[in-house]
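These notes are about the structure you will find just below.
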Amino acid sequence: MPFQQSSTRARQRTVLLVGIVLLLAALVLAVVLASLLTHGKHEDSPKMLKWKDRGTTKNLQEVILGRCYNYITERYPELGDKDCLKIWESLKDAFIYKNPCNITAEDYQPLMDLASHHIPCNKSLFWSKTNDLVHRYTKSNQNFLTLEDTLLGYMADKISWCGDPSAPGINYESCPKRSECESNPSSVFWKMASKMFAEAACGVVQVMLNGSIEAGAFRSSSIFGSIEVFNLNPDKVSEVHIWLMHDIGGPQSESCSGHSIQRLKNILEERNFKIICEDNYRPVQLLQCVHNPDHTDCRLCTNSTAVP
């Protein structure tokens, strides 16, 4: 009897030891398999596409929402019915998880519909190669609006964004330049916004060009020369005023009788617009002279000339 009990206990210990060994083996096997699967997924997961331009602006959502709320509460409270959260979602949906070289106008249409608003007649101010000067002017004279002074332009000015097919769907490292692909998020956005801004213009419209550029003040490849000028509506726009500005102390490469300005006049005349061109529009030149008050170009007797 004692022998049987001892044998039984020995078998129980053996079974217990075998069970422990099998359990440990199963745990080791599970850990190894999990490691292999995780390592395989890490190696197989696609990497972010690499481009030559800066990546998506950090904290993009907060930047867009902040600008949107500031615009509709502080700058133009009459637009208080705009839904900034929906506007952000429509912008995000236009590019997130998408190849940044395959963006279409249709991707941005919901955003354009949500953020567009009325532009009063006689206030539209277009520009080319006068970015700093034109926006200094609209800040000091709120009788005019550039695209960047509208809700769409105000939110997107000087920021960048693009998506990527791989997680998290937004590329913060790099985005494509226009030279890498035409249909990138930034180019498609600004082309659509510029087209819409031009279509909305009415009454007298203004365009500020740079007469100190050697290559010519009017360029057919610019946003103004390729999109905006062709989307002005002759039935809504009565006149186009060209303000040809020269850098204070800089070269006067072109005047209102110059070759590129003549090309612009021909385009506008063919589309039945009345045109006035003025060299160094005085209110803008006075703004330039704030930083150069003693320069000879800033004397009170300096003449500006208007050419029909």
## Note on the structure
Subtracting the Cα-Cα distance of Asp294 and Glu173 from 0.36 nm times their residue separation yields 39.0 nm
### Task
Tell me which residues come under 5 Å, amide H to amide H, from Leu145 once H is placed; ignore anything under 5 positions away on its chain.
Ser124, Leu125
### From phi via Karplus (6.51, -1.76, 1.60), per-residue ³J(HN,Hα) for segment 186-192 in Hz, x at Gly/Pro
5, 4, 5, 4, 5, 5, 5
#### Entry: In segment 197-271, the GluC sites (Glu not before Pro) that fall in loop regions by DSSP, at most 12 other Cβ within 10 Å
Glu214
#### Entry: Using θ = phi - 60° and Karplus 6.51 cos²θ - 1.76 cosθ + 1.60, couplings along segment 49-66 (whole Hz; Gly, Pro as x)
5, 10, 10, 9, 9, 5, x, 4, 4, 4, 6, 4, 4, 5, 5, 4, 5, x
### Query
How big is the Kirkwood radius of segment 53-298, worked out from every pair of different alpha carbons and given in Å to one decimal?
19.2
### Summary
The simple spin-label model distance between Arg136 and Asp247, using points 7 Å out along Cα→Cβ, in nm, is 1.3
### Query
Glu173's amide H: which non-local residues (gap 5+, or another chain) put their own amide H closer than 5 Å, with H modeled 1.01 Å from N in plane and none for Pro or chain starts?
Thr56
### Query
What residues qualify as long-range amide H neighbours of Met208, i.e. H under 5 Å apart, gap of 5 or more or another chain, H built at 1.01 Å from N?
Phe126, Trp127, Ser128, Trp243
### Task
Could you check the simple spin-label distance between His259 and Cys121, using points 7 Å along Cα→Cβ, in nm with one decimal?
3.9
### Task
Report the accessible area of His246, computed with a 1.4 Å probe over the heavy atoms of all protein chains in place, in Å² rounded to the nearest 10.
10
### Query
What list of ³J(HN,Hα) values in whole Hz, one per residue of segment 261-271 in order, does the Karplus curve 6.51 cos²θ - 1.76 cosθ + 1.60 (θ = phi - 60°) give from phi, with Gly and Pro shown as x?
5, 5, 5, 5, 4, 4, 4, 5, 5, 5, 9
### Message
Ignoring ligands, DNA and RNA, please state the percent of accessible area on segment 53-298 from carbon and sulfur, probe 1.4 Å.
### Response
49
### Gain upon complete extension [Lys274, Glu89; 0.36 nm per residue less C-alpha separation]
62.4 nm
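The values are calculated or read from the model by the stated rules, or taken from the named source; none is laboratory data. Worth saying up front: this structure is predicted, and the values here are computed from it rather than measured. Please note: Cβ atoms are built from the backbone with ideal geometry, for glycine as well, and neighbour counts cover all protein chains shown. Just the protein is used for accessible areas: all its heavy atoms, side chains included, with ligands, DNA and RNA removed. Shrake-Rupley method; radii C 1.70, N 1.55, O 1.52, S 1.80 Å.
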